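Contents: one structure, followed by commentary.
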Amino acid sequence: MTIADPALGSNGIGRLLSPAWNNWPAALLLFVAGLPLSIALLPSAISFWVSAALAALLATTLVVNAWGRYAGGLLVTPALALLFVMNIFPLLWSFGLSFFSYHANRARAPAWVGLDNYAKVLTDPDIWDRLHNTVILATMTVTLQMVIGFLLALMFAKQFPLRRYLLILVLTPMMLSFVAIGAFFRYYYDPTFGLLSQAVRLFTGQPYILMNSVWGARAGIVFADAWMWSPFVMLLVLAGLVSVPKYLYEAAAVDRVSAWRQFWAITFPYIRGLLLLALLFRTIEAFKLFDLPFILTQGGPGTSTETIAIKVYRVAFENNKTSDSTALAYILLFTVIVLTNLYLYFASQRAREA
Amino acid sequence: MPETSPAPKQSPSAAGPGVGLLERLGLTRASGVGAAGWGRTLLAAVVSLIYFFPVFWIMLTAFKTYNDALAVPAKFIFSPTLENFVGVFNRAYSAGGQSQDTGFTLYFFNSLFIAGVSVLLALAIGTLAAFGFSRYPLKGNDTYLFMILSTRMLPAIVVIIPIFIMFRVVGLAGTYVGIIALYTTFNLPFTIWMMKSFFDELSPDVEDAARLDGSSDVAVFFKICLPQVYAGLAATAVFGLILTWNEFLFALLLSGVETRTVPVAMAQTIGGALNVHWGLLAATETLFLIPVILVTFLLQDQLLRGVTFGTIKK
């Protein structure tokens, strides 16, 4: 046993009585003895503060004592505690809730139903339909983002006059709020005075209603989302493009390598990792798509643009089927955790290589 | 491997005061894809302006009267008015009626106050944790960090259901304390990852020297490490502010009448209304967006790190 703890030194009694700030055994003794005493002898209003002071003293001595040996642990404790209380605990609790039948708007106590909620959710054709919608939207928007982002990055990869200022114009959309962007595009897609309708009318003479058809509404959402997030892909690809050592290009020029071959042999290996990260990151985000369709179409027409996240919202807060929604949420959660860990795995691998 | 050959001539602007993102991202003379001339500027200008057009058009609409905003064909030339910007905060709801407070003064204050306090709290707690994770690695350090970021990547809707019920039970729904506590937690993973990435970049030499001279751990943190990451702190704070400022779903479910934020109020404006006053909404959006756009410009060099939550530095 190591004697790293000065409060528990060889001279037991003497140590226990020393008034050092790290003397936690003494503080513990004081706390255990003082708490019942103060509750028994003092009026409750005062004893509350006395016990609080004793608890604070105990906590202080523990922290001072642990400092040095567990500094790392102490530094991260407040953060972990907050995350636990506000995130992990509620999630665990809702995991438990997913095995009960419970409606947040009814007074009846939760009743145990086992895996029924999961069975109900997984056999519900509505859920599969919303999942289908989400996959369609996510595939379209992520593909579009990757292509546009990549082309933008190629354009900005070289140094040219005014580059910094033009870049900021392109980077702005991803910093804006979904609500604001949803509102923008509601305005632009309006059948009468919307810019889109007006542009189409120049050619056809007819006003154009984009959001009334299933694929029109999907295209509308995908266009707005891809406009917002292509700069993200651009930023990542750009970081890869600028990390290519220049001598490789110079050597390629000496050897008269074609531009096409130069791209695949030299440039691509440097951006491959970042492309994968961009793809994963955007897929995770697209899978959670909520705000944009919620503002733009409210899931319509019908339910053709209702994503799985909007469905969870409706089940939980409009239908008040709380426990059903938690089961559904857990299926969603599991998917995102798998994708996130994949992302972090590749990100840390990249960081290690660099 | 061949030695790096002499650097090619750089374009005049590259060396000038307008140093580009490329250099800051690490484009040295030895890497990158080279320079292009004004021809590329022209192409990039056309593309960028088209790309920025939706934002520009909203800002233009903010200066249009009700009728001008609905005009067909769309008006590029019109007599600008500032009435929308006044109307955001104070206007008459019927023709000739008394002008009254729209509540947006409160909503803007709420957005700012809630974002500000929660970012400061997250910064205080998160920076300590980041320093801990960076300098005193725990057993399973990476696992903790993975878990922490995982909580940030979770769908908001999944997290909010239990919190919504919990807040109703303890009476925190619709209060500042509740929403600030939630946003602090929401900003924490991001803050920890960002600040850890900044701490990791510091050279350990100065710290070691200070320790040899007898500085305590606390002094090393406050006097040596923290001053070196002030820029990182500022970037993290601003990113946190933007994320919180823009957030919609948590605010929609947890803010009450008194604690409503601008995104929620805007969503309600366009929600069911048949006759949206687009000029007015555009003015609200413009006021809402301008701080973000300004700050994006200042943050340009930290954007990559910020949008990937500190997982990718370069």
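Nothing in this text is a laboratory measurement; each read-out follows from the coordinates by a stated rule. These numbers come from a predicted model, not from an experiment. Neighbour counts are summed over all protein chains in view; Cβ atoms, including those assigned to glycine, are modelled from backbone coordinates with ideal geometry.
Using a Gaussian network model of chain A in which every pair of alpha carbons under 10 angstrom is joined by a spring, one finds that among A:Leu16, A:Leu169, A:Leu41 the greatest mean-square fluctuation is at A:Leu41. Each label point was placed 7 Å from the Cα along the Cα-to-Cβ direction; for A:Ala351 and B:Asn141 their separation is 1.0 nm. A straight chain from A:Asn105 to A:Thr143 at 0.36 nm per residue would run longer than the Cα-Cα distance by 9.6 nm. Taken residue by residue and averaged, Cβ atoms of other chains lying within 10 Å of the Cβ of B:35-47 number 5.
For the protein assembly as shown, what is the Kirkwood estimate of the hydrodynamic radius, computed as the reciprocal of the mean inverse distance between distinct Cα atoms, to one decimal in Å? Computed over Cα pairs of the protein assembly as shown, the Kirkwood hydrodynamic radius comes out at 28.0 Å. Give the residues of segment B:129-158 whose amide nitrogen is closer than 14 Å to a point set 7 Å from the Cα of A:Tyr70 in the direction of its Cβ. Correct set: B:138-139. Comparing A:Gly114, A:Gly73, A:Gly302 in a Gaussian network model of chain A where C-alpha atoms under 10 Å apart are linked, the largest mean-square fluctuation is found at A:Gly73. Shielding by partners for peptide A:186-195, expressed as the average number of C-beta atoms from other protein chains within 10 Å of each residue's C-beta, is 4. The Cα atoms of segment B:81-158 define a convex hull whose projected area, averaged across directions, is 9.0 nm². Running a GNM on chain B with Cα contacts under 10 Å, which residue among B:Asn110, B:Asn90, B:Asn67 ends up with the highest mean-square fluctuation? In this elastic network of chain B, the residue with the biggest mean-square fluctuation among B:Asn110, B:Asn90, B:Asn67 is B:Asn67. So if R0 is 22 Å, what FRET efficiency would A:Val135 and A:Leu115 give, r being the distance between their Cβ atoms, rounded to the nearest 0.05? The formula returns an efficiency of 0.30 here. Placing R0 at 35 angstrom, the Cβ-Cβ distance between B:Val206 and B:Phe53 gives a FRET efficiency of 0.10 after rounding to 0.05. The slack in the chain from A:Val254 to A:Phe268, taken as 0.36 nm per residue of separation less the alpha-carbon distance, amounts to 3.1 nm. For the segment B:160-170, counting C-beta atoms of other chains within 10 Å of every residue's C-beta and taking the mean gives 6.
Label-to-label distance for B:Ala231 and A:Ala52 is 4.4 nm, based on points extended 7 Å past Cα in the beta-carbon direction. Each of B:Val72 and B:Asp101 was given a label point 7 Å from its Cα along the Cα-to-Cβ line. The distance between the two points is 4.0 nm.
Helix-only arithmetic for chain B: the sum of -39500 (n - 2.57) across DSSP H runs with n ≥ 4, divided by the residue total, places the mean residue ellipticity at 222 nm at -20000 deg cm²/dmol.
Can you flag which of A:Lys321/B:Lys196; A:Lys246/B:Lys223; B:Lys139/B:Lys313; A:Lys246/A:Lys288 are past 32 Å Cα-Cα? Where the Cα-Cα span goes over 32 Å, the pairs concerned are A:Lys321/B:Lys196; A:Lys246/B:Lys223; A:Lys246/A:Lys288.
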